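This report refers to the structure that appears directly beneath it.
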Amino acid sequence: MKVDLLVAEIGSTTTIVNAFTGIREGRPRFLGQAAAATSIPQGDVTRGLVLARQRLAARLGRENLEAHEVFATSSAAGGLSMTVHGLVPEMTVRAAREAALGSGAVLRMVSSGKLRQHDLERVRAARPRIIMVAGGTDGGERETALFNFQKLAKAMPQTPFLYAGNADNDEEIRAVAEKHRIKVYVTENVYPSLDNLNIDPARHVIQAIFEEHIIEAPGMAHIHQAVTGPIMPTPGAVMAMAERMYPVLGDLVALDVGGATTDVHSVTEGNEALIDFRINPEPFAKRTVEGDLGVFVNRDHVIRAMTPVERERLPADYLERLRGIPEIPQGPEEEALILPLVRTCCREALDRHAGRMTELFTARGRRTVVRGRDLTAVHVLIATGGALTRLPGVTPLVMDLLQRAGSERLFPPPQVNVMMDKDYLMASCGVIARTYPEAAVQLMMDSLKK
């Protein structure tokens, strides 16, 4: 059997393969899905990919499964790990951080100002896939970004660099890179002027670097032999699909609860009524990743994050029963034990992503301001990721959380339309959209269930 397209989602522990037909004819259809353990420990990720394809062929009643094209997303082998180094925490550092997270990165370190020796040791210990240097508005401060780039170039000569700072430094940055024989990518400044975030150019370059250098990650050397098309960081693919759905669905949030992390992606300009109250610029598309919130790897962290009321609702023997549940719960009893963890992940992740209405005391008196992300204009919440798409009772759980949110939190309104990514396709559609944007939107709409 030969299908139009296979998309592999290569996770840290599980590899999922999705099959599609009708992509090139304008009649896209999802055929099926299968999974296998990611084979990073065996030194070759393609072994798990082959096994997942064999299982999918069996599920479709075929002996083997061929495809005209194969795309992939990956968060295996540490995903897109980065360190980010800027000038001022609330300006260039924040802009660089938003660019990195929006591209799907896992941030191992973020620093501001000139790097000291112990900072360089931290970068070495983090072993990032990409090092990003920013700092200074265009025409503004130059010294810090140059200083940091020179120090990092000497400390990490084998690592690809991205420079997205003061454009006046571009030629000097290239000269330093040539002197030290390091690979550097130079793009537009992420913070070219005050209150102006310009993160999209950096995001696109980061994903291009990831695709080019992914073979250097442990176990990924043969990935290009198995994939014929683009390879994206899995969170970056979800973010790309959230942006792609904005013209269709309007202001939206995508909530992705996984075994190790919980990601929140929002695409919104915010409420027009609150624009004059903002004190910092926010990107149109924003991602936050909570590395301590996951229903399998980080269960202990999630339990500690529960409120006293949430803990009181747990069965007396909850912790003992929870220890015996595998990464993928089997049956209603195990699923019911996981739901309290899912609820806490959703609440905490939304709480950290959303902004606040607060009081600021100035020389002219007290002033009400908006700090952070305004989600009050959002009217669609997409639930994706393994935990949210495979467990029952998620929609009422999310609605209850929004009903109980305090008025100072800038959460989506309680009447938000919760849509389930029932086929678990959001990341796959994100990478499909690079080549077949209209097909990706159609497939995503088919997967969304109110």
Q. Is it true that some residue in segment 232-244 is without any contact (Cβ under 8 Å) to a residue 40 or more places away in the chain and either surrounded by fewer than 16 Cβ atoms within 10 Å (Cβ to Cβ) or closer than 27 Å to residue 17 by Cα (or both)?
A. no
Q: Go over the candidates 106, 70 one by one and state the one that is touching a Leu at 6+ places or on another chain (Cβ under 7 Å), in contact (Cβ under 8 Å) with a residue 40 or more places away in the chain, not assigned by TED's automatic domain parsing to the domain that holds residue 23 and not charged (D, E, K, R).
A: 106
Q: Taking the options 94, 55, name whichever one is at pLDDT 95 or above and not hydrophobic (A, V, I, L, M, F, W, C).
A: 55
Q | Failed item, numbered, when residue 292 is tested on (1) more than 23 Å from residue 196 (Cα to Cα); (2) at pLDDT 95 or above; (3) not in a helix (DSSP H, G or I) | A | (2)
Q: Look at segment 118-136 and say how many of its residues are surrounded by 20 or more Cβ atoms within 10 Å (Cβ to Cβ) and either acidic (Asp, Glu) or more than 25 Å from residue 212 (Cβ to Cβ) (or both).
A: 1
Q: May I ask you to say which residue of 153, 175, 208 is touching a helix residue (DSSP H, G or I) at 6+ places or on another chain (Cβ under 6 Å) and not in a loop (DSSP other than H, G, I, E, B)?
A: 153
Q) For segment 15-41, which residues satisfy the criterion of being small (Gly, Ala, Ser), touching a Gly at 6+ places or on another chain (Cβ under 9 Å) and surrounded by fewer than 17 Cβ atoms within 10 Å (Cβ to Cβ)? A) 37
Q. Can you name every residue in segment 374-390 that is surrounded by fewer than 19 Cβ atoms within 10 Å (Cβ to Cβ) and either under 25 Å from residue 234 (Cβ atoms) or outside the structural domain of residue 336 (by TED's automatic domain parsing) (or both)?
A. 390
Q: Filter segment 221-231 down to residues that are crowded, with 20+ Cβ neighbours inside 10 Å and either at pLDDT below 90 or assigned to a helix (DSSP H, G or I) (or both), then give me how many there are.
A: 1
Q) Looking at segment 252-272, is at least one residue small (Gly, Ala, Ser) and surrounded by fewer than 17 Cβ atoms within 10 Å (Cβ to Cβ)? A) no
Q.
Looking only at segment 409-450, filter to residues that are part of a helix (DSSP H, G or I) and of a type in the set (D, E, K, R); which one of those is farthest from residue 239 (Cα to Cα)?
A. 446
Q | Qualifying positions in segment 98-109 - charged (D, E, K, R) and surrounded by 22 or more Cβ atoms within 10 Å (Cβ to Cβ) | A | 98
Q | Elements of type strands (runs of 3 or more DSSP E) contained in segment 50-144, each with 1 or more residues being within 23 Å of residue 177 (Cα to Cα) and among the polar types (S, T, N, Q) | A | 80-86, 105-112
Q: Provide a single number: the residues in segment 1-14 that are surrounded by 19 or more Cβ atoms within 10 Å (Cβ to Cβ) and of a type in the set (D, E, K, R).
A: 2
(Q) For residue 2, only one of the following conditions fails: (1) under 26 Å from the mean Cα position of the chain (by Cα); (2) more than 14 Å from residue 75 (Cα to Cα); (3) charged (D, E, K, R). What is its number? (A) (1)
Q) Does residue 321 satisfy the criteria of being touching a Ser or Thr at 6+ places or on another chain (Cβ under 8 Å) and in contact (Cβ under 8 Å) with a residue 12 or more places away in the chain? A) no
Q) Name the residues in segment 156-172 that are assigned to a loop (DSSP other than H, G, I, E, B) and free of Cβ contacts under 8 Å to residues at least 40 places away in the same chain, would you? A) 156, 157, 158, 159, 166
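The values are calculated or read from the model by the stated rules, or taken from the named source; none is laboratory data. Just so it is clear, the structure is predicted and the values come from calculations on it, not from any experiment. Methodologically, a virtual Cβ is constructed for each residue, glycine included, from the backbone with ideal geometry; neighbour enumeration extends over all protein chains shown.
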